[in-house]
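For reference, the structure discussed in these notes is given below.
What follows is calculated from the coordinates using simple rules that are stated; it is not laboratory data. Predicted model, so just to flag it, every value in this text is computed and none were measured. Here the Cβ is made from the backbone with ideal geometry for all residues, glycine too, and neighbour counts use every protein chain on show.
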Amino acid sequence: MEMNDYTAEFQHGDCLEILRDFPAGKFDLIFTSPPYADSRLKTYGGIKPDEYVGWFLKRAEEFHRVLSDMGSFVLNIKEKVVNGERHTYVLELILALRQQGWLWTEEYIWHKKNCHPGKWPNRFRDAWERCLHFTKRKDFKMFQEEVMVPMGNWHKNRLRRLGENDVIRLDSKVGSGFGKNIANWLGRDKAYPSNVIHLATECGNKNHSASFPLALPEWFIKLFTREGDWVLDPFVGSGTTCEAAARLARHSVGIDIVREYVDLARSHASQYSGMRLLDKTATYGKTKRKRANGIH
Ligand SMILES: C[S@@+](CC[C@H](N)C(=O)[O-])C[C@H]1O[C@@H](n2cnc3c(N)ncnc32)[C@H](O)[C@@H]1O
């Protein structure tokens, strides 16, 4: 695909309303980190933890409509602490999304390698976030070879000492029902990764208080889409998802309720030469523009 064959489109407003103008099944991947309950009141408002599920479900209905049948929806989220204990809104959200028709296919963990040290009386520092993977069907698109990792030294040592048990499929000694045939890995230098993704956080130069590292959307975009596919981030913030999509030659749409972030996201994506940047806010009808500015 030629570099100028793909677009990044940014829209300003509530994704609930903006998405109504998009056709059903347009996107191959929705990758997003939504506003966390209450946590950023000063920057872009917040939703009360007890109201979070209802707020999210209305938007998820639109996500379900605009996602293709073989597509994936990956939600980066972490529950906050309220009155000294973890709030249950993420757990409730997972159950509610299943009721809405989503399959909760997998839970990936983003391990934040460089999270801030600190001391809390009843817990340790928060070093991970969920990346919940939802699909519409069991036979969704997945390109596992795209995210394979080097085998490392483990396999060299282990394979040198192959025993009799290793060349046949060995049933687990603890009776877990899992078996393995280590000899299958002879001669290979890459393995499939686990569902824990180890990445440093990175938000210093993004001018957004909650950006995730570029490598996070990149990993999921490679895993669930091909070049030329369409990626949506309905809570785009500084535009990291669209930037990752551009680097990987995917089309993208980013939506944010804060005008400043839409501009920021567009400026980040504009670094990629040859990409067509669309700003649909310029073509809004009057009503939509009013809504986007919070006037009803
Ligand atoms: C956690 S941040 C996303 C950060 C982003 N992943 C990045 O790397 O910069 C959530 C974003 O959602 C936006 N937002 C909040 N409510 C929204 C809504 N109803 N529709 C669209 N965007 C919204 C906020 O302005 C904020 O930028």
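Here are some notes:
- Spin-label pair R65/R20, simplified geometry with 7 Å Cα→Cβ offset, distance in nm: 0.8 nm
- Gained length - K80 relative to D263, 0.36 nm times residue gap less alpha-carbon distance: 63.0 nm
- Per-residue 3J(HN,Hα) values for segment 213-224, derived from phi via the Karplus relation 6.51 cos²θ - 1.76 cosθ + 1.60 with θ = phi - 60°, read x, 3, 5, 6, x, 4, 4, 6, 5, 5, 6, 10 Hz in sequence order (x marks Gly and Pro).
- Annotation: amide H-H contacts under 5 Å for V82 (H modelled 1.01 Å from N, sequence separation of 5 or more, or interchain): H87.
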